[in-house]
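The values are calculated or read from the model by the stated rules, or taken from the named source; none is laboratory data. None of the values given here were measured: they were computed from a predicted structure. Quick reminder, even Gly has a Cβ in these numbers, built from the backbone with ideal geometry, and neighbours come from all protein chains shown.
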């Protein structure tokens, strides 16, 4: 067990592994046939500044133990925030009682032994900042100063924040599988409000990394938020029309999330998916790839195994627009007669790319020529079965490859199965948004509703 | 224990003290010591928030209840406030040592070294004799596990029997029981015991190769026994109807048109379009499009909007809010004019207003802020059938999935899960994929008819990463101009 350093955590990695192991052993001693236990702690400091002072200072700290037991296809799960032995016994007892009550699902069981990540490599993700509340507060004030300097009198700060959080999670399965992972995450963010002629516009910017050294500077985070808020001022609606839409790299990840949901085990088993054509079906334009890489050092969604202990895979999910695999937990893998993909907790780091030459944003805008550059998705809905897509949106109207004016108060609509086949290009302006990296995505045409 | 007329706020406090303080040997005296420590670095207000609860979820899929979840949550949050600055720490342990650590962390984060002084003004405390709004009974215990499973199987059977095209049913029964105690540095101490249950049903209908989904949700601050009867009938019939309707739905139109919103959950429009913009923190920070509009007209005449945390057994109701302030019926818009805001203690102190019972937090691990409870547009006089008949060409939308708002620009949106075309005053073809958008400060100005059929429905409200249970509501409404974002 490496690493005695705890960062903001109260428990060491070794402590949490021991807590998870004890919980698994107690559940087995109390009569569970099979058990998956986990112990998790997250801790950190979040500082928010506004108008030159700290608006709030928060010391985060949460811990919990989850015990899942199985009795011949019957599953019970119980969670406790109290970690004393009595609470662990009560929790194990409740999980067992649930498993004895519910009906049987033959596919509900812990991971088969050969699926477990017994030898997967350790991934480096833990770089605690060691920053105090005062240090983080100072950074938050620098972000605010950067925003005001860039925005001058037209822009003020809604909130400037700096956070540093460490988290550790340990799992224990059956009598002899134990793994843990520990990571840190540092965030700087700023929300800016632009105001002109009695109209207000708000936008934000953030920088997130597992290493403090890789974050954008505080001043740049503030200045970018100010710039984004100011450029939205004077936004107006479009008349209703059909036109090409360029999803900016900062919002294009939402398309990838729709693909992930549609290829998830739950959606596939239920038939509640617009990507129901099966493995090797042509679901996207033929130049598109989607790569999943769980082993990226310091990746925001890296992990050697998932919460079921299943080993992670580096793989192509989409190749040349064709579906190569799903996102599966043990339960849904068994229901589909497949092997789990290590995605019980969601997707790992994803790269959404085109085999064609990737061009920078300005070239993508020129390529679109006349259309909507979409920079903000505000809400709306996607029907998971049909893929009918309708969202409130904002952005910029583009004429001759150049920004003509900011656009707000519109919706964009289409059918995802059609939209994904109509992806014309993916830009080289790659942006990381949590698990997803993608450049801007140009879609041939969508319906824009306005006034 | 059962709900009797005699149960009052004093009983809730007694239960909270017994459940939250006694097991850790905490007394009111030890709370006073901790609060003094919190005030020590110059804070003007401090509070401790204790919370313990249990929750349970039973899930049905493929006709089987093969999974159940149980969770124990507990913890204490410690907060100190100087004007608009807050320091906050929390712990999932509730021992005196853990409280010392949390209060120490709060002190170390407060940079001001001013002389400690107690907050002035009126002490706000719940009347100990005020009757409770919901049962103190634990909804996890009123029904055996086998009975809960039976309830879900009944849902499955009824959905499938309702129509042979229903090919899949999933259902979730959630129940929680939470006990909270708030102790403030102004001497306020209050307790609340909150049951919350919800039944969520999702069905898939199939005809040929076409598939469509439908959802229904019912719940409240009730025991599980309250599900049988009307609530069960409604949740099944709603989910089945929406799925079947959507089998035949055609793409929604696009552009500006007249919209008739059905009663109940379509009140999410009001929640998004103006509700969030009337939370006081957005006014003191001037981030709301409604800032500085107090007293002026922001909606059509005849539009009256109320946030009421005192409706018995409703999902958004509270005996006291999460700052110990008794819940209230607050008039926000009266006949089109903005007359009130939703306040927590921090915003009220800065704005010189009175806390309105809207200080809410997701849990002990979150800071309270002004939030809605049960927010609705009051009934008018129009017959809902006449409202539909009044529209030549437009859409009728009786069910929605949810919505969001940008309070700064006022731009809001919400998505219909059940909608129809209106042609020459008659409801005709069902449509799918309709997202409605508008500007909060304009939408209510376009309300031209208000129905007489007010109904409230359950929702979940998210703000700054925290979710709390609420109700939204309205009668049938006609809005003359809205942007409908379909593909046709």
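Key figures for this structure:
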{"quantity": "Residues of region A:69-85 satisfying the condition of being at the interface with chain B (Cβ under 9 Å from one of its Cβ atoms), within 20 Å of residue A:16 (Cα to Cα) and outside any loop (DSSP other than H, G, I, E, B)", "calculated": "A:77, A:78, A:79, A:80"}
{"quantity": "Residues of region B:199-232 satisfying the condition of being over 23 Å from the mean Cα position of the chain (by Cα) and farther than 20 Å from residue B:145 by Cα", "calculated": "B:203, B:204, B:205, B:206, B:207, B:208, B:209, B:210, B:211, B:212, B:213"}
{"quantity": "Among residues of region B:35-66, those that are in a strand (DSSP E or B) and farther than 12 Å from residue B:171 by Cβ, counted", "calculated": "13"}
{"quantity": "Residue in region B:325-338 that is surrounded by the most Cβ atoms within 10 Å (Cβ to Cβ), counting only those that are in contact with a helix residue (DSSP H, G or I) (Cβ under 9 Å, 6 or more places away or on another chain) and within 18 Å of residue B:192 (Cβ to Cβ)", "calculated": "B:325"}
{"quantity": "Residue satisfying condition, being at pLDDT below 95 and more than 30 Å from residue B:251 (Cβ to Cβ), within set B:199, B:140, B:152, B:181", "calculated": "B:140"}
{"quantity": "Residue match in region A:32-51 (condition: away from every other protein chain (no Cβ under 11 Å) and free of Cβ contacts under 8 Å to residues at least 60 places away in the same chain)", "calculated": "yes"}
{"quantity": "In region B:223-255, the residues that are closer than 22 Å to residue B:205 by Cα and assigned to a loop (DSSP other than H, G, I, E, B)", "calculated": "B:248, B:249, B:252"}
{"quantity": "Conditions (1) more than 7 Å from every other protein chain (Cβ to nearest Cβ); (2) in contact (Cβ under 8 Å) with a residue 60 or more places away in the chain; (3) farther than 30 Å from residue A:212 by Cα; (4) over 25 Å from the mean Cα position of the chain (by Cα); number of the one not met by residue A:116", "calculated": "(4)"}
{"quantity": "Unique residue being assigned by TED's automatic domain parsing to the domain that holds residue A:178, over 27 Å from residue B:59 (Cα atoms) and not in a strand (DSSP E or B) when the list is A:88, A:19, A:45", "calculated": "A:19"}
{"quantity": "Subset tally (residues that are within 14 Å of another protein chain (Cβ to nearest Cβ) and part of a strand (DSSP E or B)) for region A:410-443", "calculated": "7"}
{"quantity": "Flag for residue A:242 being assigned by TED's automatic domain parsing to the domain that holds residue A:275, surrounded by fewer than 19 Cβ atoms within 10 Å (Cβ to Cβ), assigned to a strand (DSSP E or B) and at pLDDT 95 or above", "calculated": "yes"}
{"quantity": "Total residues in region A:52-66, condition more than 7 Å from every other protein chain (Cβ to nearest Cβ) and under 25 Å from the mean Cα position of the chain (by Cα)", "calculated": "4"}
{"quantity": "Residues satisfying the stated conditions in region B:422-441, i.e. within 18 Å of residue B:276 (Cβ to Cβ) and either away from chain A (no Cβ under 11 Å) or in contact with a helix residue (DSSP H, G or I) (Cβ under 9 Å, 6 or more places away or on another chain) (or both)", "calculated": "B:436, B:438, B:439, B:440, B:441"}
{"quantity": "Test result for residue A:208, surrounded by fewer than 22 Cβ atoms within 10 Å (Cβ to Cβ), in a strand (DSSP E or B) and assigned by TED's automatic domain parsing to the domain that holds residue A:371", "calculated": "no"}
{"quantity": "Conditions (1) in contact with a helix residue (DSSP H, G or I) (Cβ under 9 Å, 6 or more places away or on another chain); (2) assigned by TED's automatic domain parsing to the domain that holds residue B:422; (3) crowded, with 24+ Cβ neighbours inside 10 Å; number of the one not met by residue B:239", "calculated": "(2)"}
{"quantity": "Selection from region B:113-137 of residues that are more than 19 Å from residue B:326 (Cα to Cα) and modelled with pLDDT of 90 or more", "calculated": "B:137"}
{"quantity": "Some residue of region B:146-160 being assigned to a loop (DSSP other than H, G, I, E, B) and free of Cβ contacts under 8 Å to residues at least 60 places away in the same chain", "calculated": "no"}
{"quantity": "Residue A:123 vs. criteria farther than 29 Å from residue A:307 by Cα and outside any strand (DSSP E or B)", "calculated": "no"}
{"quantity": "Criterion violated by residue B:350 - all others in (1) surrounded by fewer than 24 Cβ atoms within 10 Å (Cβ to Cβ); (2) outside any strand (DSSP E or B); (3) in contact with a helix residue (DSSP H, G or I) (Cβ under 9 Å, 6 or more places away or on another chain); (4) away from chain A (no Cβ under 14 Å) satisfied", "calculated": "(4)"}
{"quantity": "Scope region A:389-409; condition under 23 Å from the mean Cα position of the chain (by Cα) and at the interface with another protein chain (Cβ under 7 Å from one of its Cβ atoms); matching residues", "calculated": "A:390, A:391, A:392"}
{"quantity": "Hey, residue B:416 surrounded by fewer than 20 Cβ atoms within 10 Å (Cβ to Cβ) and in contact (Cβ under 8 Å) with a residue 60 or more places away in the chain or not", "calculated": "no"}
{"quantity": "Single unsatisfied condition, residue B:242 versus (1) at pLDDT 95 or above; (2) more than 14 Å from chain A (Cβ to nearest Cβ)", "calculated": "(2)"}
{"quantity": "Test for residue A:23: is it within 14 Å of residue A:169 (Cβ to Cβ) and in contact with a strand residue (DSSP E or B) (Cβ under 6 Å, 6 or more places away or on another chain)", "calculated": "yes"}
{"quantity": "Subset of region B:461-488 (residues that are out of contact with any helix residue (DSSP H, G or I) (no Cβ under 8 Å at 6 or more places or on another chain) and under 18 Å from residue A:378 (Cβ atoms))", "calculated": "B:462, B:464, B:465, B:483, B:484, B:485, B:486"}
{"quantity": "Every residue from region B:146-171 that is surrounded by fewer than 20 Cβ atoms within 10 Å (Cβ to Cβ) and more than 13 Å from chain A (Cβ to nearest Cβ)", "calculated": "B:154, B:157, B:158, B:160, B:161, B:162, B:163, B:164, B:165"}
{"quantity": "Flag if residue B:176 is within 13 Å of another protein chain (Cβ to nearest Cβ) and modelled with pLDDT of 95 or more", "calculated": "yes"}
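Residue-wise test of (1) farther than 24 Å from residue A:158 by Cβ; (2) part of a loop (DSSP other than H, G, I, E, B); (3) away from chain A (no Cβ under 14 Å); (4) modelled with pLDDT of 95 or more.
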position	(1), (2), (3), (4)
B:403	no, no, no, no
B:417	yes, no, no, no
B:420	yes, no, yes, yes
B:445	yes, no, yes, no
B:456	yes, no, yes, yes
B:468	no, no, yes, yes
B:471	yes, no, yes, yes
B:482	yes, no, no, no
B:487	yes, yes, no, no
